[in-house]
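The values are calculated or read from the model by the stated rules, or taken from the named source; none is laboratory data. Note that this is a predicted model, so its numbers are computed, not measured. Remember, those area values only see protein heavy atoms, side chains included, never the ligands or the DNA or RNA. Shrake-Rupley method; radii C 1.70, N 1.55, O 1.52, S 1.80 Å.
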Amino acid sequence: IRNQWRDGEETRVLAGKDNVVYDYCGTVYCHCPRTNKRREMAFGGFEKDRATLKYRCPARHYGRECRGMDQCSAASG
């Protein structure tokens, strides 16, 4: 797959979330507010009413520990 972004960025910040980014393939990641560790977000299904895909916090979904969960804007979903 050829990178279609011409500005050279590897990821872009999701609007309204300061620690959630996505790449040109559509993979969504969150960054821990404390450690800045990047984790791929868990797929949460399709929301029919809004015609959109849902992604969930990987720490909550998989039961992992994240030190920045209390400060994270993506922890609720």
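Quote to one decimal, in nm, the extra length available between Phe46 and Met69 on full extension: 0.36 nm per residue of separation minus the C-alpha distance between them. Taking 0.36 nm per residue and subtracting the Cα distance, the gain is 5.9 nm. Per residue, segment 11-64 exposes 70 Å² of solvent-accessible protein surface, assessed with a 1.4 angstrom probe and all protein chains in place. Annotation: amide H-H contacts under 5 Å for Arg34 (H modelled 1.01 Å from N, sequence separation of 5 or more, or interchain): Gly68.
Across every pair of non-identical alpha carbons in the chain, the mean reciprocal distance, once inverted, gives a Kirkwood radius of 13.3 Å.
Largest GNM mean-square fluctuation among Ala42, Ala59, Ala15, using the chain with Cα springs under 10 Å: Ala15.
Given their separation in residues at 0.36 nm each and the Cα-Cα distance between them, Arg6 and Arg60 gain 16.0 nm when the chain is fully extended. Treating each Cα of segment 1-45 as one equal point scatterer and applying the Debye formula with no solvent, the log10 of I(q)/I(0) at q = 0.26, 0.29, 0.30 Å⁻¹ comes out as -1.01, -1.12, -1.14.
Straight-distance candidates among the lysines for linking to Lys37, with alpha-carbon spacing under 18 Å and chain neighbours fewer than 8 residues away dropped: Lys17. Our helix-only sum for the chain, with -39,500 (n - 2.57) per DSSP H run of n ≥ 4 divided by its residues, gives a mean residue ellipticity at 222 nm of -1000 deg cm²/dmol. Surface composition of the chain: carbon plus sulfur atoms hold 44% of the accessible area, using a 1.4 angstrom probe and ignoring ligands, DNA and RNA.
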